[in-house]
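Worksheet: one structure, shown below.
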Amino acid sequence: MTQTKYTIGLDYGSDSVRSLIVNVDTGEEIASVVFEYPRWKKGMYCDPARNQFRQHPLDYLEGLEYTIVEALKEAPAGVAENVVGISVDTTGSTPVAVDEKGTPLSLTPGYEENPNAMFVLWKDHTAVKEADEINDLARKWEIDFTKYEGGIYSSEWFWAKLLKVSRDDAAVYRAANSWVEHCDWIPAVLVGNTRPKTLKRSRCAAGHKAMWHEAFGGLPSDEFLTALDPMLGGLRDRLYKETFTCDVAVGNLSSEWAEKLGLSTDVVIGVGAFDAHMGAIGAEIEPYHLSKVMGTSTCDMLVAPMEEVGDKLVSGICGQVDGSIMPGMLGMEAGQSAFGDIYAWFKRVLMWPAAQILSKTDLVSEEQRQALIEELSDKMIAELTVEAEKLAIGESSVLAIDWMNGRRTPDANQNLKGAIAGLSLGTDAPRIFRALVEATAFGSKAIVDRFLNEGIRIDGVIALGGVAKKSKLVMQIVADVLNMPIKVARSEQACALGTAMAAAVAAGVYATTNEAQKKMGGGFEMEYHPIPENVEKYQKLYEDYVALGGFIEKDLTK
């Protein structure tokens with residue numbers, strides 16, 4: 001009798017890592033364990049006021065071991081012996097400086113507490129100046145190395161970050177033999193080969209964030225990089241030329257990690273990728289359907305056959321790469337730098353009196369104070385939502401712009417700031433909250449409009465992520481603003497599920513990611529449909545949003 005086989009999707013998010021064990025025959029999610037990064041949770045190595053967000057590799061390694069071991073404990077007997085593959089997804093671009101062995105510098109003597117020697121998280125925006133320099137040089141160069149990344153390079157991406165760190169920290173610059181993305185480093189660790197020149201690099205990460213393209217012979221030329229800054233001279237030769245899609249095997253689990261995890265060295269490790277791209281696979285993306293990962297930010301994924309759109313350049317998006325999502329198709333990425341983060345920001349503003357005043361009151365006991373603060377925090381968004389739902393579209397004059405963390409797409413600009421306009425003495429918290437929700441929906445429409453205006457059709461929308469699963473208000477408003485139905489993926493962990501699908505292909509269980517989707521997909525739990533009368537009203541508000549955004553970008557940005 002044939003034994004059931006399993007794969008593990010290892011999903012590294014901004015705050016935690018999750019391991020998901022999946023039955024490759026049915027897609028049944030057998031066990032799942034989450035590990036919150038302890039150093040990150042304490043705010044170590046970060047400076048939010050400067051938009052500096054760094055993560056220690058020990059958070060990643062500890063989470064890797066803990067989640068897989070504990071998930072296997074939760075799984076039925078016999079599962080560990082039948083795990084055939086592990087694949088990894090991570091946030092990105094999240095690079096780190098490494099030595100000649102591929103060890104992150106923060107794991108070497110003298111650099112243990114140095115933020116510049118750690119992984120530079122995707123949302124670190126300290127390299128705005130460097131991104132601007134890349135864009136200025138690219139527009140003058142004989143080859144525009146940004147043309148496959150929407151024509152605008154972002155401070156969230158590989159080259160801007162490593163240049164910023166190299167300039168800021170001479171010791172790290174001298175010690176760095178190379179740089180490696182988080183999604184490339186974890187698979188390399190698992191197979192026991194982290195050497196920068198020989199580890200397999202993700203096409204997803206390289207193409208979307210490092211300006212890698214076959215038309216360039218790989219990465220931007222050494223001449224371009226040296227002109228950008230002489231510090232980068234020679235680095236290209238210490239990086240990579242070849243990249244790989246998520247269906248390719250990196251190798252087998254090393255004996256060291258097999259022993260740690262309680263698995264066999266027969267387990268195949270797949271090439272890594274970014275979380276949103278694997279989420280699109282897990283949510284059963286298909287050609288010309290926009291997959292929206294809706295969480296703290298959004299990542300919008302679109303795939304189309306290479307023979308239909310392969311030569312088309314889409315301006316203002318994050319990137320377009322052959323095989324970055326589904327091998328054999330052009331993967332296109334867009335997104336918003338803040339989505340759920342905007343709601344969380346507003347909650348923090350409203351919680352200020354509780355944190356600063358209620359926490360110090362002598363009117364109630366310490367235990368009661370903490371209970372009150374926790375109840376306020378837990379119920380804040382839910383109560384705002386209830387009241388916001390009662391408001392008619394356009395009833396309030398409040399209009400917001402969703403650039404609180406800069407703008408990712410269309411047309412990346414991390415210098416931009418958000419705004420709230422139309423306030424009056426009658427404006428209350430629910431009205432502001434609804435305006436913020438509408439602003440995030442308008443930001444989504446700006447992305448859709450850019451694809452459509454560039455000649456890329458969109459036949460449907462698929463949503464996944466925390467916001468998509470939890471907020472009917474947000475989802476209905478987005479459906480109304482986009483004037484498109486939105487299907488919500490059933491799986492609570494679509495990114496990890498997509499990564500488990502990729503692992504099944506890398507391990508040879510299935511020939512293609514499409515085949516893995518058909519066998520392992522969880523389908524959809526519900527669908528939101530636009531309400532015709534709301535569509536018309538929101539179109540007018542969207543036009544106001546565009547006008548206000550244009551004013552802010554042109555006249556208020558410094």
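Details
- Evaluating residue 458 against the criteria (1) outside the structural domain of residue 92 (by TED's automatic domain parsing); (2) buried (at least 19 other Cβ atoms within 10 Å of the Cβ); (3) of a type in the set (Val, Ile, Thr) leaves one unmet condition, (2).
- Tabulated pairs, region 352-367, first closer than 16 Å to residue 378 by Cα, second among the hydroxyl-bearing types (Ser, Thr, Tyr) and at pLDDT 85 or above, C-beta under 8 angstrom, 6+ apart or interchain: 354/377
- Region 30-57 - residue that is among the polar types (S, T, N, Q) and assigned to a strand (DSSP E or B) and, of those, farthest from residue 19 (Cα to Cα): 52
- The number of residues in region 498-513 that are in contact (Cβ under 8 Å) with a residue 12 or more places away in the chain and either β-branched (Val, Ile, Thr) or in a loop (DSSP other than H, G, I, E, B) (or both) comes to 8.
- Applying the criterion of at least 2 residues that are within 21 Å of residue 319 (Cα to Cα) and modelled with pLDDT of 95 or more to the helices (runs of 4 or more DSSP H) found wholly in region 135-252 leaves 158-168, 182-191, 203-209, 222-228.
- Residue in region 405-458 that is farthest from residue 297 (Cα to Cα), counting only those that are in a strand (DSSP E or B) and at pLDDT 95 or above: 421
- Matching residues, region 5-57, being touching a strand residue (DSSP E or B) at 6+ places or on another chain (Cβ under 8 Å), basic (Lys, Arg) and more than 20 Å from residue 183 (Cα to Cα): 5
- When residue 522 is tested against (1) assigned to a helix (DSSP H, G or I); (2) touching a Ser or Thr at 6+ places or on another chain (Cβ under 7 Å); (3) not basic (Lys, Arg), exactly one condition is not met: (1).
- Where strands (runs of 3 or more DSSP E) fall entirely within region 274-345, those with at least 1 residues that are of a type in the set (A, V, I, L, M) and free of Cβ contacts under 8 Å to residues at least 40 places away in the same chain are at 298-305, 329-336.
- Among the residues of region 378-404, those that are part of a strand (DSSP E or B) and either without any contact (Cβ under 8 Å) to a residue 12 or more places away in the chain or not small (Gly, Ala, Ser) (or both) comprise 399, 401, 404.
- Hey, residue 480 assigned to a helix (DSSP H, G or I), in the same structural domain as residue 436 (by TED's automatic domain parsing), in contact with a Lys or Arg (Cβ under 9 Å, 6 or more places away or on another chain) and not aliphatic (A, V, I, L, M) or not: yes
- Scanning region 12-46 for residues that are among the acidic types (Asp, Glu) and either over 20 Å from the mean Cα position of the chain (by Cα) or surrounded by 16 or more Cβ atoms within 10 Å (Cβ to Cβ) (or both) gives 25, 28, 29.
- Check on residue 396, among the polar types (S, T, N, Q) and more than 23 Å from residue 320 (Cβ to Cβ): yes
- Some residue of region 68-90 being surrounded by fewer than 21 Cβ atoms within 10 Å (Cβ to Cβ), assigned to a helix (DSSP H, G or I), within 26 Å of the chain's Cα centre (by Cα) and not hydroxyl-bearing (Ser, Thr, Tyr): yes
- Qualifying residue in region 305-313 (condition: β-branched (Val, Ile, Thr), under 19 Å from residue 203 (Cα atoms), at pLDDT 95 or above and over 14 Å from the mean Cα position of the chain (by Cα)): no
The values are calculated or read from the model by the stated rules, or taken from the named source; none is laboratory data. Quantities reported herein were computed from a predicted structural model and do not represent experimental measurements. Don't worry about glycine lacking a Cβ; one is built from the backbone with ideal geometry, like all the others, and counts go over all protein chains shown.
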